[in-house]
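**Student:** Sharing a structure with you now.
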Amino acid sequence: MGKVFDPSLILEFIPTLIKYLGVTLEILAVSILFGVLIGISAAIPKLFNIPILKQIVTVYISFIRGTPIIIQLFLVYYGLPALLSLIYIDITRMDAFFFVIITYSISNGAIFAEIFRGAINAVEFGQTEAAYSIGMTPFYNFTRIVFPQAIRVAFPNIANTVIGSLKDTSLAFTIGIMDMMGRGETLIASSAHALEVYIALSVIYYVVVLILEKGFRVFEKYTNRYQGIDTSVA
Amino acid sequence: MGIDIGFIWVAFKEIAKAIPLTLVLAIVPIIIGFFIGLAVTLIREYKVKGLYVIANGYVSFFRGTPAIMHIMLIYFGIPLLLDSIFASLHIPFQTSSIPIIVFVLFALSLTAGAYLSEIIRSGISSVTKGQMEAAHSIGMSTYQAMKRILFPQALAKSIPNLTNISVGFLHLTSIAFLVSQKELTGTANIVASSNLKFLEAFIAAGIIYWGLSIIIEGISHLIEKRVKEYSKGGVT
């Protein structure tokens, strides 16, 4: 046994852990992508007031926002195989990675649905009317008038969701994923230096978040390019 | 592999016993965090020398890392630190005698402080400067103006954010089970593994969390209605 706390181990652990950053970012990227798709489909029934579908979407969003991600992970991990076994599909041997992707996509989808709905409602209806009055089709109205304005409102929230989701991926190891956190747990088991591992992990997460924040700020400026000097409103 | 519907109710009753601990884990950090957040906001607002840099670093770091890290860093770090201090001072005190929940509460309070400081700050900046000037012009001291004019308005404007953070912290308590706390998720895990009925137990836990979240949202909706009574319509 070496020292109880050895700071040099932190530097030693960082390169080992960073190799698994790819898995963490992969979970993040894929679940954000599917989350956006789910979010768009879930926002439509609420925007266009489609009966029945609207109620289903409301319950879905309420449930996701009302339960912790760790419970959602367990529910998908144990529930999906049970559900699919009813129609004789056996997925009990499926890689835990897919369960993680499914859970985080569903979870992000609910949050994105709310963001999209709020952003599109934030664009005044007069804009749509004006677009129609000069002869634009609904498609052009959406892609040229509503969407560019909505994305400006939605973007800060989307950025927050992405960063929140990155932090949430640190819980995926509870169902046995070998991401950065999972690798950290095995490092702790083999080296018995828990504190150093967690410091190393914190440093990596913090740096990734800082980089993401910087990138988002640049893009946010771009979405606000027609807003003149005062970009603090809305 | 079917689902035992009846067991969900059995698990529900068992897991519901953990609600008080979960609420303690959620509410205590928010209350302590509120004061930390207030102090941090004042430090940042008035740019107190030295402390300003620390406060900025604190908020940035705690918002930039997952909450599980805060719990783990404090759970493993503080005992090491305290033990070495006690050993050098020859105080016969073992940190292993401190219950784990103290570390969890401490870690979550620091997390809450960082998030709440941002909420308080945005609440304060949403109150226009003219309000403070008006308060000063009728002879209020800065302290009076803050207490009577600034904070009530800032708090009213922060209610939606405070609701979000309350629900968020209710959900954050679920990771305390990773350091073997018997709160909702921890109890659900015990019930699940002792009966080998994982899905049923987590469905029950999910329903409890969902119910608690809806109750929190309902309460905050009522408070918001009351607080905003005076600002209905007219000019703002």
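The values are calculated or read from the model by the stated rules, or taken from the named source; none is laboratory data. What you see is a predicted model; the values in this text were computed from it and never measured. Counting neighbours? That spans all protein chains shown, and the Cβs are built from the backbone with ideal geometry, glycine included. Side chains are part of the model used for accessible areas, which takes the heavy atoms of the whole protein and leaves out ligands, DNA and RNA. Shrake-Rupley method; radii C 1.70, N 1.55, O 1.52, S 1.80 Å.
**Student:** Evaluate the following for A:ILE56: is it under 30 Å from A:PHE147 (Cα atoms) and surrounded by fewer than 19 Cβ atoms within 10 Å (Cβ to Cβ)?
**Tutor:** yes
**Student:** Which one of B:SER96, B:SER117 is of a type in the set (Ser, Thr, Tyr), part of a helix (DSSP H, G or I), open to solvent by 30 Å² or more (accessible area, probe 1.4 Å) and more than 13 Å from chain A (Cβ to nearest Cβ)?
**Tutor:** B:SER96
**Student:** Would you mind telling me which numbered condition in (1) touching a residue at least 60 places away in the same chain (Cβ under 8 Å); (2) farther than 14 Å from B:GLU183 by Cβ; (3) surrounded by 21 or more Cβ atoms within 10 Å (Cβ to Cβ); (4) among the β-branched types (Val, Ile, Thr) B:THR65 fails?
**Tutor:** (1)
**Student:** Another question about this same structure. For region B:71-80, give me the residue count where each residue is more than 9 Å from every other protein chain (Cβ to nearest Cβ) and open to solvent by 40 Å² or more (accessible area, probe 1.4 Å).
**Tutor:** Of the residues in region B:71-80, 1 are more than 9 Å from every other protein chain (Cβ to nearest Cβ) and open to solvent by 40 Å² or more (accessible area, probe 1.4 Å).
**Student:** Kindly check whether there is at least one residue in region B:85-93 that is over 14 Å from B:ALA26 (Cα atoms), surrounded by fewer than 17 Cβ atoms within 10 Å (Cβ to Cβ), without any contact (Cβ under 8 Å) to a residue 40 or more places away in the chain and in contact with a Pro (Cβ under 6 Å, 6 or more places away or on another chain).
**Tutor:** Looking for residues that are over 14 Å from B:ALA26 (Cα atoms), surrounded by fewer than 17 Cβ atoms within 10 Å (Cβ to Cβ), without any contact (Cβ under 8 Å) to a residue 40 or more places away in the chain and in contact with a Pro (Cβ under 6 Å, 6 or more places away or on another chain), one finds none in region B:85-93, hence no.
Conditions (1) of a type in the set (Phe, Trp, Tyr); (2) within 15 Å of B:ILE30 (Cβ to Cβ); (3) surrounded by 17 or more Cβ atoms within 10 Å (Cβ to Cβ), marked per residue:
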position: B:ARG121; (1), (2), (3): no, no, yes
position: B:ALA134; (1), (2), (3): no, no, no
position: B:GLN144; (1), (2), (3): no, no, no
position: B:ILE149; (1), (2), (3): no, no, yes
position: B:ALA154; (1), (2), (3): no, no, yes
position: B:SER166; (1), (2), (3): no, yes, yes
position: B:SER194; (1), (2), (3): no, no, no
position: B:GLU200; (1), (2), (3): no, no, yes
position: B:TYR209; (1), (2), (3): yes, no, yes
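**Student:** Residues A:PHE147, A:PHE116: which one is among the aromatic types (Phe, Trp, Tyr), open to solvent by less than 60 Å² (accessible area, probe 1.4 Å) and more than 14 Å from every other protein chain (Cβ to nearest Cβ)?
**Tutor:** Being among the aromatic types (Phe, Trp, Tyr), open to solvent by less than 60 Å² (accessible area, probe 1.4 Å) and more than 14 Å from every other protein chain (Cβ to nearest Cβ) holds for just one of A:PHE147, A:PHE116, which is A:PHE116.
**Student:** Turning to a different aspect of this structure: Would you tally the residues in region A:153-186 being more than 11 Å from every other protein chain (Cβ to nearest Cβ), surrounded by 22 or more Cβ atoms within 10 Å (Cβ to Cβ) and over 20 Å from the mean Cα position of the chain (by Cα)?
**Tutor:** Total meeting the criteria: 1.
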